[in-house]
1. For a test of the definition: using alpha carbon positions, the gyration tensor, and the 1.5 limit on a/c, classify segment 321-390 as rounded, prolate or oblate.
2. Where both residues lie in the chain, what percent of DSSP beta bridges are antiparallel, nearest 5?
3. Roughly speaking, what % of Cα-Cα pairs in segment 75-158 are separated by over 22 Å, rounded to a whole number?
4. Between segment 389-443 and segment 86-142, what's the alpha-carbon centroid distance in Å?
5. Which of the three applies to segment 418-569, rounded, prolate or oblate, going by the alpha-carbon gyration tensor with a ≥ b ≥ c and a/c under 1.5 meaning rounded?
6. Using a simple charge model, +1 on the beta-carbon of Lys and Arg, -1 on the beta-carbon of Asp and Glu, nothing else, what dipole does the chain show about its Cα centre, in debye to the nearest 20?
7. How far apart, in nm, are two points set 7 Å out from the Cα along the Cα-to-Cβ line at Glu338 and at Glu533?
8. Sort the following peptides by mean Cβ neighbour count (other Cβ atoms within 10 Å, averaged over residues), highest first: 65-76, 291-302, 128-139.
Amino acid sequence: MPDLSDRPVRDHLVPDPGAPRADLPARIAAILARRHGLVAPVRAEIEWWQRLDGQLLGLAAAVAVLRDHPATPDELRAVLVELGLDAQVDEVRTGIAEAGRLLRVLSARFSRPTITIGVSGRARVGKSTLLQSISGLDDDQIPTGKGLPVTAVRSRIRHSATAERATLSLHTFETFAADVLAPHHAQLGLPGLPTSVEEFATWEYPAPGVPGTAPSHATLLKRLRDMQAALPSYRGDLVGGERELHLDELRPYVAYPTNDELGSADLRVPDAAVSRRYLAVRDLRIECRFPHNRVEQLSVVDLPGLGEVAVGADAHHVEGLQNEVDVVLLVKRAMGDEAYWGESDARALDLLDIARGFVGKRDFVQLVLNQGGVDPAMAATLRDDVSREVNMGDPGRFFRVLETDAADAEDVFARVLAPVLDHLADRLPVMDAEALDATRAETQAVADRIDSLVADLGRALATVRASTGSAAEDLDRRAKRLRQDVAAGLQALVERLREQARDAAEDPDYVDTVEQAYSATREWITGGLGVGEEAWRDEAVRRMRVDSFSAGYAGEELNRIRVEISDSFERIDAFFTDRVEKLWTDVAEILGAELGTLLAGTDTEPPTGTGRDALDHLADLLDAAQPPCPRLRRAVRTLRGIRLDYRSQLHPRVRSEHDGLAIQLRDPQTGHLRTQITVPATEAGAEELYRFVLRMAEQAAYLTQKALLREAVTPALVLHAAAEQFEDTVIRSGDSEVEFKRLADAYKNDIWPGVYREMDAADARFTAVTRARDLLVATLGARKGSDS
């Protein structure tokens, strides 16, 4: 996990909320850059826990086999039964699952490309109006209204200086059934679930209002029947994937039917359906220019659902807060005769308290009192009641309270957006550190529990010693022979590669690859330099007339052609890749022929496929051996890291052949730059310039081809040198003999299956447990080492 011990700690907020500091954009950008630097270590931590979970399962399985086998000594069986490893592993794996969840939340937090503000609140408090004032959108994108709820879809709105679009993420019927229908069916206790659009269209739902039915159930049944009746309006949208829309096309996908639409439908035909295309929408992203965009990397998220009857709405709300936002604006407004902080408001804060995770609640939640259009006396009453009920009469004690007219964009900026952004610029480093440190503490507690489990098992195993029998001398002899046989195979490979390097200049495969790249390059050139001759000459005339000279366009085109020719010869990378893969495969086959079944997979690992996979698998095995084999592992990893490509090895050698592709060249006698060609700004001049450029391009391609053919030996030399170094390290390093003995000892039953069958079966099972335990110890130790 990354270290944030150097983070700044700030104890107060900016005193003037209406005047954001001038360095705010730079501070926000620095915070985001710091966050992005933490993503990789957090994801590595997630992968580490996944690996540890698999190893823990392997250990539990090995212990179960040892404990339950009839040949296991009674003393050891009694110790293992008393240890109760199965129950401990189940408990620890629950902790591992929670550690993974916490780390994924952390990864999502640090991966966000923007500072993200969530806007929440009950219906009719001005939440959508506030979002309009921040984003500059209108009722077609963020509907507002009176009476009925309006916004049906959670929206993510991001400031963009260039883009103006909406992107819908659509349900398939399968996800619609799982996310929308299934929760309703579960809440109502309805058996079964439609598996297709056709089945849903004819599904028989009970009529609402059955005596004894809870009012909420009647509401949910009515919603299901409304969804079913409206199916023709959104059936064609249940196609999955994403759909991009103009902003003025958005409203049908985000808004509930209006009261007029509902009333009109009911008046015409009983149970008639209105359009409900929003039901097909899983998610919505909007990009537009915010009216106050001092901070470019800014998003706001509309979070509908708080306090709604809709099944799972609150859970969806919490999920969105945990993964998507840095701060939540909880909007409150006096409505009718209600100007007080009520029980539903307290429940909303409780929900947000769950969602904030490890971040301080004063930092995570800001209360926004929408006083626009509210009687001043009612506004004052609400303000005072919030102060008493939420902050115990001490303004800002637990939650910061902001006031604004949500319909006034200037007022929203000055009294809400500006102070919130300054607050985030000050506090986000601390909030991130709180989330990181608390996550570390939670995950470390799980790691400590596994440490304790492994230590308990170690003490249990120490009570019994596995017999090694008389196989030690035989194993020592076999280890020496193994090293000798591997040496013979590698030496033969090195000699074969040496011969190939001597003959590389006539390698037909390499020559053919270069010729193909050259042919493709010439085809591009003669076909009109990627645009066609007529289009090229037309553009040349236009540019020369605008520039009043030809050198500008000619220079640009020569530069473009130089880059295209360089890129086109990268085609030979496929040839290099095949040669490197062939080397890996040859080495893997030599090793595999001597290592029995070791590289064919194990009970817990999949069989290896390519030479690349086999060598990676071998490196892991060398690392997992007890004691490990670091020199051999390093040799394998070094061989696997060999790189052979055109851009690195050959392009620097042939780059000079492209020097002619420049509008000015240095005169070798005078040292002055001279322009290669100047033509009049006419069609005839364009024709002359085209022929000149074509000739220069063909010449550069031809010279590149010839230079590459002269360098044919270079790739072969690289491969020979890599194989020779590998063979030298594996066979002749000072640690070679010792590490071959370690390899043989750790995996003797894989390298020589059946040879040691006479050994006590209990000893083999005991070894499997110690190996699984030692692998866990090594994994835990690697984490501690990285932390230090």
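1. Because a/c hits 1.5 or more and a/b exceeds b/c, segment 321-390 counts as prolate.
2. 45
3. Everything past 22 Å amounts to 57 percent.
4. 16
5. Numbers: a/c = 6.34, a/b = 1.41, b/c = 4.49.
In terms of gyration-tensor shape, oblate.
6. So the magnitude is around 1060 debye.
7. The answer from the label model is 7.9 nm.
8. For the peptides 65-76, 291-302, 128-139, the packing ranking is 128-139, 291-302, 65-76.
The values are calculated or read from the model by the stated rules, or taken from the named source; none is laboratory data. For clarity, every value in this text was computed on a predicted model and none was experimentally measured. Note that we place each Cβ from the backbone using ideal geometry, even for glycine, and neighbour counts take in every protein chain shown. Just so you know, the surface numbers come from the protein's heavy atoms only, side chains and all, with ligands and any DNA or RNA stripped out. Shrake-Rupley method; radii C 1.70, N 1.55, O 1.52, S 1.80 Å.
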